[in-house]
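The values are calculated or read from the model by the stated rules, or taken from the named source; none is laboratory data. If you're wondering where the values come from, they're calculated on a predicted model, not measured in any experiment. FYI the Cβ positions are ideal-geometry reconstructions off the backbone, even for glycines, and counts take in every protein chain you see. Surface accessibility is based on the protein's heavy atoms, side chains included, excluding ligands, DNA and RNA. Shrake-Rupley method; radii C 1.70, N 1.55, O 1.52, S 1.80 Å.
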Amino acid sequence: MALLRHRDFLLLFAGQGVSRLGDGLYTAVVAWLAWSLTHEPGEVALVTLAAYGPAFLATLIGASYADRYDRRRLMIATDVVRAAVVAVAPVLLALGLLNLTLLVVGAALLALIGAPFAPARNAIVAQIVPTERLLEANGLLQVAFRAAFFVGPLLLAPLLAFASLEVVLALDVLTFLASAATLAAIRVRTTARAEQRLGLRADLAAGLAALRAEPDVLIVIATFVLALVTASGFLTVGVVALVGESFGGHGGEYGLLLGIAGVAEVFGALALARLPLRNLALTAVLAWALLGAFRFPLGLAETPIIAAVLLAVTGFASALTDIPLIALVQQRIPDRHLAKALGLWEAGIAGALAVAPFAAAAIIGHVGVRNAFMLSGAALIGLAAIAAITITRVTATPIPRPPTVDAQALRPRARCRVRSNDVAA
């Protein structure tokens with residue numbers, strides 16, 4: 001594709017693909033390390049929670065820094081610091097000093113350090129790619145991200161067959177450094193910044209005002225988070241129960257079904273990069289209805305083949321839910337608030353992924369796996385319909401937009417003095 005001949009986009013595409021491969025490998029390594037150290041499933045869950053929990057709390061704050069400072073340099077700094085933190089692990093492991101407590105602390109620390117990275121990465125695309133190419137750019141990037149993250153865990157087994165965990169951790173360090181090196185080589189367009197930099201509190205308030213001024217964007221983000229709570233738990237807990245109850249309980253079938261959904265999502269992202277979508281907001285919310293329509297009969301599947309076909313369609317549809325969302329935010333939210341808007345979405349994803357498995361398990365326990373899938377599918381269709389109707393009404397009736405916090409904050413300096421505790425935050 002033409003965008004892959006664009007030097008700076010190609011660097012971002014390659015570097016962040018390597019970075020996501022490292023993320024997938026890291027996820028598998030951390031879970032395996034926790035199991036190796038304790039042989040307790042509960043401790044594995046604890047480390048997983050430590051790796052993702054802080055992202056829910058810190059991403060929006062980190063996104064504010066990504067809007068107020070140079071995004072490229074911030075991303076490079078987080079890559080270098082995370083590489084340094086991960087580099088300690090193989091040394092501790094070789095010396096026999098790595099224990100569960102240090103693993104939990106390290107996972108949480110990495111999550112906190114990396115909080116600004118994802119919002120900054122999504123926001124920096126708009127500083128590299130022309131506005132009319134954003135949908136194509138996000139589609140290609142999501143292909144790289146999904147494929148690389150999917151491959152990462154698959155590399156663990158062959159790597160451990162020929163090397164040690166220390167070597168695997170060292171390779172993860174190299175992926176951070178590769179990401180930092182490609183980011184250092186990228187040239188980004190400079191964007192206008194406020195003459196007087198706002199503090200954290202004022203900046204977050206300004207970002208919220210910017211989102212409220214674009215209600216359809218806010219509806220798309222809220223729909224995504226609510227739909228993820230409704231849907232994502234069934235891709236893990238629900239498919240496990242379906243395989244266990246209907247297909248003979250083979251773990252290989254479970255892995256294969258998840259793999260098919262992941263591959264279909266990659267192809268969906270690739271196809272979406274070629275489609276000229278006119279209404280990004282409606283596409284993003286109605287994609288959940290498509291996903292729900294094929295999720296509805298999944299619990300009734302009698303064979304793994306039928307389940308695989310249904311999961312493939314839902315995987316393809318899931319690409320339609322986030323790529324238009326990212327492009328919509330990039331087009332409609334001012335650059336000085338872009339990372340915060342995307343950070344709100346990322347924080348919502350982290351929270352939804354933490355809650356969804358428990359919600360799915362509770363629903364399955366009450367109504368059974370078959371009925372649970374039907375309820376999940378129906379809920380997604382209903383949620384998408386409500387969101388689409390609301391967006392149509394909102395866009396048909398323009399809302400008077402109040403002055404943003406930025407406009408008030410940038411009036412005469414006597415009125416925009418920023419408190420020291422805001423800057424320190």
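Taking H placed 1.01 Å from N in the peptide plane, check which residues at least 5 places from residue 98 or on another chain put their amide H under 5 Å from its amide H.
Those lying under 5 Å, H to H, from residue 98 are 93.
Quick one: 3J(HN,Hα) in Hz for the stretch 258-270, Karplus 6.51/-1.76/1.60 with θ = phi - 60°, rounded, Gly and Pro as x.
My calculation for the stretch 258-270 gives 5, x, 5, 4, x, 5, 4, 5, 4, 5, x, 5, 5 Hz in order.
So what is the calculated 222 nm ellipticity per residue for the chain, using -39500 (n - 2.57) for each DSSP H run with n of 4 or more, over all residues, to the nearest 500 deg cm²/dmol?
Numbers: 17 runs with 334 residues, N = 425.
Rounded to the nearest 500, it is -27000 deg cm²/dmol.
First compute the accessible area of the stretch 66-194 with a 1.4 Å probe, then give the percent of it belonging to carbon and sulfur atoms.
C and S fraction of accessible area: 72 percent.
Please give the FRET efficiency for residue 170 paired with residue 112, using the beta carbon to beta carbon distance and R0 = 22 Å, rounded to the nearest 0.05. Show your work: numbers first, answer last.
Numbers: r = 23 Å, r/R0 = 1.02.
Between residue 170 and residue 112 the formula returns 0.45.
So which trypsin sites (Lys or Arg not before Pro) in the stretch 129-207 pass both tests, a DSSP loop state and at most 15 other Cβ atoms within 10 Å of the Cβ?
Here the sparse-neighbourhood loop sites are 187, 189, 193, 197.
Counting only protein heavy atoms and a 1.4 Å probe, tell me what percentage of the stretch 270-372's accessible area is made up of carbon and sulfur.
71
Mean 1/r over all different Cα pairs, inverted: what Kirkwood radius does the chain give, in Å?
Across the chain, the inverse of the average 1/r is 22.6 Å.
Just to be sure I follow the definition: excluding the sites themselves, where is the longest run in the chain that has none of the GluC sites (Glu not before Pro) in a DSSP loop with at most 13 other Cβ atoms within 10 Å? Walk me through the intermediate numbers first.
Numbers: sites that count: 195, 302.
Longest run free of exposed loop sites: 1-194.
Whole-Hz Karplus ³J(HN,Hα) for the stretch 285-299, in order, using 6.51 cos²θ - 1.76 cosθ + 1.60 and θ = phi - 60°, x for Gly and Pro?
Result, ordered by residue: 7, 6, 4, 5, 5, 4, 4, x, 5, 8, 6, 3, x, 4, x Hz.
Rolling a 1.4 Å sphere over the protein heavy atoms, what is the accessible area per residue of the chain, to the nearest Å²?
In whole numbers, the chain has 45 Å² accessible per residue.
I want to verify the translational diffusion coefficient of the stretch 84-159 in µm²/s; compute it with Stokes-Einstein, Rh as the Kirkwood radius over Cα pairs, at 4 °C and 1.567 mPa s.
So the translational diffusion coefficient is about 84 µm²/s.
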